[in-house]
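Engineer: My questions will all concern the structure given below.
Taken together, the values in this text are just the output of simple stated rules run on the coordinates, not laboratory data. Just so it is clear, the model here is predicted, and its values are computed rather than measured. No Cβ is skipped: glycine too gets one built from the backbone with ideal geometry, and neighbour counts run over all protein chains shown.
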Amino acid sequence: MVDGSEVMDKLKGLLGTTTGPVINEVEVGAIRRYAEAVDDLNPLYSDVEYAGKSKYGEIICPPGFFGWAKKVNDESVEMMSKVFGTLIEAGLFRILDGGVEYDFYLPVRAGDTLTWYARFADAKERVGKDGAKMVFITMELTFINQNGDAVARRRQTFIAR
C-alpha cells in the first residue's frame, strides 16, 4: 500500500460506513425466473413437488439470488456515491469489477423476507507494474432472514485506476 496518499486518507475516513437496512422479498415466481435466466435447471428452484421431497422441504433460491428489493435505501446510494466520488476526484476514472465472494450459511426460501446492510469494508492502494496507481475497494453485504439468522455474506471488490 502507498501510505499517506490523499485518496487513501479520504477513503479511510469512510471505512466502516454502514447503510441502513434494505428489505428484499423472496417470491417463488422470482426464484423460477432467476433460475431460468441463469440457465440453472435444478428442480430445487422450480419444481414444488421435487423440492418438497428434498431435505429443504420447499423451493429454495439458487446461490446468489436474494429476491428483489422492496424499496431502495437512499443511504446505500449515498455511501456508494461518496466512495466512488472520492475515486473519481482522484482521477481514478476506470472502475472495474474485481469479483464477488459469497459465504452461504442457510438456504433462502420462497416467502423469506431478507434484510441486508451494506458496509464499506476495505480500501487498499497499490502501484501497478506500469507505475499507475490502483485502488482496491471492498463492499460487504450481510443478508439476514425474518428469523434474525444470517443467510449469506457477499464481498464485492472494485478496482479503480
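Engineer: Name the single residue, out of those in the stretch 69-107 being farther than 23 Å from GLU25 by Cβ and hydroxyl-bearing (Ser, Thr, Tyr), that is farthest from the chain's Cα centre (by Cα).
Structural biologist: The extreme case among them is THR86.
Engineer: What tally of residues in the stretch 21-48 results from selecting those that are without any contact (Cβ under 8 Å) to a residue 40 or more places away in the chain and among the polar types (S, T, N, Q)?
Structural biologist: Qualifying residue count for the region: 2.
Engineer: Would you mind stating whether GLY57 is closer than 14 Å to VAL7 by Cβ, out of contact with any strand residue (DSSP E or B) (no Cβ under 7 Å at 6 or more places or on another chain) and without any contact (Cβ under 8 Å) to a residue 24 or more places away in the chain?
Structural biologist: no
Engineer: Keeping to the stretch 27-53, report how many residues are small (Gly, Ala, Ser) and more than 21 Å from LEU114 (Cβ to Cβ).
Structural biologist: Applying the first criterion (small (Gly, Ala, Ser)) to the stretch 27-53 yields 29-30, 35, 37, 46, 51-52.
Now drop any that are not more than 21 Å from LEU114 (Cβ to Cβ), which leaves 52.
Residues in the stretch 27-53 being small (Gly, Ala, Ser) and more than 21 Å from LEU114 (Cβ to Cβ): 1 in total.
Engineer: Taking only the stretch 42-79 into account, find how many residues are among the small types (Gly, Ala, Ser), over 24 Å from PHE120 (Cβ atoms) and not in a helix (DSSP H, G or I). Step through it out loud before you land on a result.
Structural biologist: Residues of the stretch 42-79 among the small types (Gly, Ala, Ser): 46, 51-52, 54, 57, 64, 67, 69, 76.
Next, from what is left, pick out any that are over 24 Å from PHE120 (Cβ atoms): 46, 51-52, 54, 57.
From the residues that got through so far, the ones that are not in a helix (DSSP H, G or I) too are 46, 54, 57.
Qualifying residue count, the stretch 42-79: 3.
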